[in-house]
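Trainee: Take a look at this one; I'll ask things after.
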Amino acid sequence: MIYGKKGLSRNFLSPDLTGWLLVNCSIVIRAFNESRHLPRLLEGIRHQTVQDVEVILVDSGSTDSTVAIAQSYGAKICHIPSREFTFGRSLNLGISESTREFIVIASAHVYPVYPDWLERLLEPFSDPQVGLTYGKQRGPQTAKFSEKQIFYQWFPEKSNWQQNTPFCNNANAAIRRFLWEKHPYDETLTGLEDVAWAKWAVSQGYRVAYVSEAEIIHIHQETPKGVYNRYRREAMAFKRIFPEAHFSLYDFFRLSIENIFYDTWYALRQKTPLGDITSIFWFRLMQFWGTYRGYRHPGVVTPQLRETFYYPRGIQNVGDEQRQDVDPISYSAENSQKTALKN
């Protein structure tokens, strides 16, 4: 698919960028049956210090009120048939409909913690060599203990605007649109389209900036099968992006045992409830078994596999250290009932 340009200016490289970029951003949200979580994200956007934003929702066949909710908040709606969905294709569709220079990408089941989320996420673009930014993620109170540990590992408390590795995450990220015009997201990957794009950007001399202050809560309430599917498709993608990588049966056993041991040790030290501790075992086993199986998949994504990866049943419908310089967003009681609050 070819995505046309909108005739956008290239003035964003001027030294006086900081104030201008804050009124020149589009937010692209990918969604499928997200009526439970989407209102909180859209409400959080309304509370941002950056007010003049364009919101685009890419819907992949929702059967609930997702589209109506987005429309009630003034979002522009794009539709992609579920049979054609990939993460990269949906992003390309949404970005092609945008009209701003900076593209913020958010999952429909995240919500910002602070009212300056967008401002902080866009701030590194004042450096013309930054091509991509991404922010901190934390889990809600209902998140599995091991997933919380992963969030702590992947998204530390300290920002890094000089990151030269391609790690990032499109649940909470932003890119320069003109770079996307040169290199759209890979529509054939089963996941990690963000890492593949960041790898390209770094190869072109741009940097990735991590912004700890741009914090969101990412809600995952997955079954063991959901965790297995997520890590399996991401491993399939990782193998394509980094062909030199490998993951053996020995790695599966070693990483499973090590992570279960350390997670359990930390959980006991924190006096975590027994029910949360038991999830450590199946979460880590499914994480690394899915990774192992993904590395061994031949790479052909059948319609049945697509349905398994992108539309798993039973994982729908599911909130560190707080910053001292700004108060968190106070969400309405209605949306508080819909989504678990942050720790």
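The values are calculated or read from the model by the stated rules, or taken from the named source; none is laboratory data. In this text the structure is predicted, and so the values were computed from the model without any measurement. Counting neighbours? That spans all protein chains shown, and the Cβs are built from the backbone with ideal geometry, glycine included.
Trainee: Read through the list (1) crowded, with 23+ Cβ neighbours inside 10 Å; (2) farther than 25 Å from residue 181 by Cα, then give the number of the only condition that residue 115 fails.
Mentor: Only one criterion is unmet by residue 115, namely (1).
Trainee: Moving on to the next point. Can you run down the residue pairs with Cβ atoms below 9 Å, 6 or more apart or on separate chains, where the first is in the stretch 239-252 and assigned to a helix (DSSP H, G or I) and the partner is among the β-branched types (Val, Ile, Thr)?
Mentor: Qualifying pairs under 9 Å: 240/188; 240/190; 241/195; 251/291; 252/291.
Trainee: Now, a different point. Which condition does residue 73 not pass, out of (1) under 16 Å from residue 38 (Cα atoms); (2) of a type outside the set (A, V, I, L, M, F, W, C); (3) touching a Ser or Thr at 6+ places or on another chain (Cβ under 9 Å), if it passes all the others?
Mentor: Here residue 73 clears every test but (3).
Trainee: Right, another one. Sort out which residues of the stretch 153-168 are under 11 Å from residue 133 (Cα atoms), touching a helix residue (DSSP H, G or I) at 6+ places or on another chain (Cβ under 7 Å) and outside any strand (DSSP E or B), and write them in order of number.
Mentor: Restricting attention to the stretch 153-168, the residues satisfying the condition of being under 11 Å from residue 133 (Cα atoms) are 159-163, 166-168.
In the following step, the residues that additionally are touching a helix residue (DSSP H, G or I) at 6+ places or on another chain (Cβ under 7 Å) were identified as 161, 166-168.
Within the stretch 153-168, 166, 167, 168 qualify.
Trainee: Right, something else. Identify the residue in the stretch 169-223 that is outside any helix (DSSP H, G or I) and charged (D, E, K, R) and, among all such residues, is farthest from residue 40 (Cα to Cα). Please lay out each step first, then the result.
Mentor: Our first condition is that a residue be outside any helix (DSSP H, G or I); within the stretch 169-223, this holds for 169-176, 183-192, 204-223.
Now restrict to residues that are charged (D, E, K, R): 176, 186-187, 207, 213, 215, 222.
Numbers: 176: 26, 186: 29, 187: 29, 207: 31, 213: 19, 215: 14, 222: 20 Å.
So the residue we want is 207.
Trainee: Residue under question is residue 267, and the condition is that it be surrounded by 14 or more Cβ atoms within 10 Å (Cβ to Cβ), closer than 27 Å to residue 158 by Cβ, among the small types (Gly, Ala, Ser) and modelled with pLDDT under 95; does it hold?
Mentor: Details: surrounded by 14 or more Cβ atoms within 10 Å (Cβ to Cβ): yes; closer than 27 Å to residue 158 by Cβ: yes; among the small types (Gly, Ala, Ser): yes; modelled with pLDDT under 95: yes.
Yes: the conditions hold for residue 267.
Trainee: Can we say residue 143 is within 21 Å of residue 31 (Cα to Cα), hydrophobic (A, V, I, L, M, F, W, C) and part of a loop (DSSP other than H, G, I, E, B)?
Mentor: Details: within 21 Å of residue 31 (Cα to Cα): yes; hydrophobic (A, V, I, L, M, F, W, C): yes; part of a loop (DSSP other than H, G, I, E, B): yes.
For residue 143, the condition - within 21 Å of residue 31 (Cα to Cα), hydrophobic (A, V, I, L, M, F, W, C) and part of a loop (DSSP other than H, G, I, E, B) - is met.
Trainee: Which of the residues belonging to the stretch 32-73 are in contact with a Leu (Cβ under 6 Å, 6 or more places away or on another chain) and part of a strand (DSSP E or B)?
Mentor: Scanning the stretch 32-73 gives a single hit, 58.
Trainee: To continue, here is another question. Picking from 229, 164, 172, which residue would you name as being not assigned by TED's automatic domain parsing to the domain that holds residue 96 and not acidic (Asp, Glu)? Can you show your working first?
Mentor: Numbers: 164 fails: not assigned by TED's automatic domain parsing to the domain that holds residue 96; 172 fails: not assigned by TED's automatic domain parsing to the domain that holds residue 96.
One residue alone meets the criteria, 229.
Trainee: Condition check: out of contact with any strand residue (DSSP E or B) (no Cβ under 6 Å at 6 or more places or on another chain), modelled with pLDDT of 95 or more, of a type outside the set (A, V, I, L, M) and over 26 Å from residue 295 (Cβ atoms). Does residue 193 satisfy that? First the steps, then the outcome.
Mentor: Details: out of contact with any strand residue (DSSP E or B) (no Cβ under 6 Å at 6 or more places or on another chain): yes; modelled with pLDDT of 95 or more: yes; of a type outside the set (A, V, I, L, M): yes; over 26 Å from residue 295 (Cβ atoms): no.
Criteria not met by residue 193.
Trainee: Can you run down the residue pairs with Cβ atoms below 6 Å, 6 or more apart or on separate chains, where the first is in the stretch 66-79 and loosely packed, with under 15 Cβ neighbours inside 10 Å and the partner is at pLDDT below 95 and not charged (D, E, K, R)?
Mentor: Cβ pairs passing all conditions: none.
Trainee: Which numbered condition in (1) assigned to a helix (DSSP H, G or I); (2) closer than 16 Å to residue 148 by Cα; (3) touching a Phe, Trp or Tyr at 6+ places or on another chain (Cβ under 7 Å) is the only one that residue 259 fails?
Mentor: Against the list (1) assigned to a helix (DSSP H, G or I); (2) closer than 16 Å to residue 148 by Cα; (3) touching a Phe, Trp or Tyr at 6+ places or on another chain (Cβ under 7 Å), residue 259 comes up short only on (3).
Trainee: Here's another thing I want to ask about it. Residue 87 - would you say it is at pLDDT below 95, in the same structural domain as residue 212 (by TED's automatic domain parsing), of a type outside the set (Ser, Thr, Tyr) and within 22 Å of residue 196 (Cβ to Cβ)?
Mentor: Working: at pLDDT below 95: yes; in the same structural domain as residue 212 (by TED's automatic domain parsing): yes; of a type outside the set (Ser, Thr, Tyr): yes; within 22 Å of residue 196 (Cβ to Cβ): yes.
For residue 87, the condition - at pLDDT below 95, in the same structural domain as residue 212 (by TED's automatic domain parsing), of a type outside the set (Ser, Thr, Tyr) and within 22 Å of residue 196 (Cβ to Cβ) - is met.
Trainee: Which of (1) farther than 30 Å from residue 200 by Cβ; (2) modelled with pLDDT of 90 or more; (3) touching a helix residue (DSSP H, G or I) at 6+ places or on another chain (Cβ under 7 Å) is the odd one out, the single condition residue 335 does not satisfy?
Mentor: (2)
Trainee: Here is a follow-up. For residue 204, state whether it is at pLDDT 95 or above and surrounded by fewer than 16 Cβ atoms within 10 Å (Cβ to Cβ). Reasoning before the result, please.
Mentor: Details: at pLDDT 95 or above: yes; surrounded by fewer than 16 Cβ atoms within 10 Å (Cβ to Cβ): yes.
It is true that residue 204 is at pLDDT 95 or above and surrounded by fewer than 16 Cβ atoms within 10 Å (Cβ to Cβ).
Trainee: Restricting the search to the stretch 294-311, which residues are under 23 Å from the mean Cα position of the chain (by Cα), surrounded by fewer than 21 Cβ atoms within 10 Å (Cβ to Cβ) and modelled with pLDDT of 60 or more?
Mentor: Once the filter is applied, which keeps residues that are under 23 Å from the mean Cα position of the chain (by Cα), surrounded by fewer than 21 Cβ atoms within 10 Å (Cβ to Cβ) and modelled with pLDDT of 60 or more, the stretch 294-311 yields only 295.
Trainee: Here is a further query. Can you go through 215, 181 and tell me which one is in the same structural domain as residue 45 (by TED's automatic domain parsing), crowded, with 20+ Cβ neighbours inside 10 Å, of a type outside the set (S, T, N, Q) and out of contact with any helix residue (DSSP H, G or I) (no Cβ under 6 Å at 6 or more places or on another chain)?
Mentor: Working: 181 fails: crowded, with 20+ Cβ neighbours inside 10 Å.
Going through 215, 181 in turn, just one is in the same structural domain as residue 45 (by TED's automatic domain parsing), crowded, with 20+ Cβ neighbours inside 10 Å, of a type outside the set (S, T, N, Q) and out of contact with any helix residue (DSSP H, G or I) (no Cβ under 6 Å at 6 or more places or on another chain): 215.
Trainee: So, one more: Count, please, the residues in the stretch 65-101 that happen to be in contact with a Gly (Cβ under 6 Å, 6 or more places away or on another chain) and within 24 Å of residue 46 (Cα to Cα).
Mentor: 1
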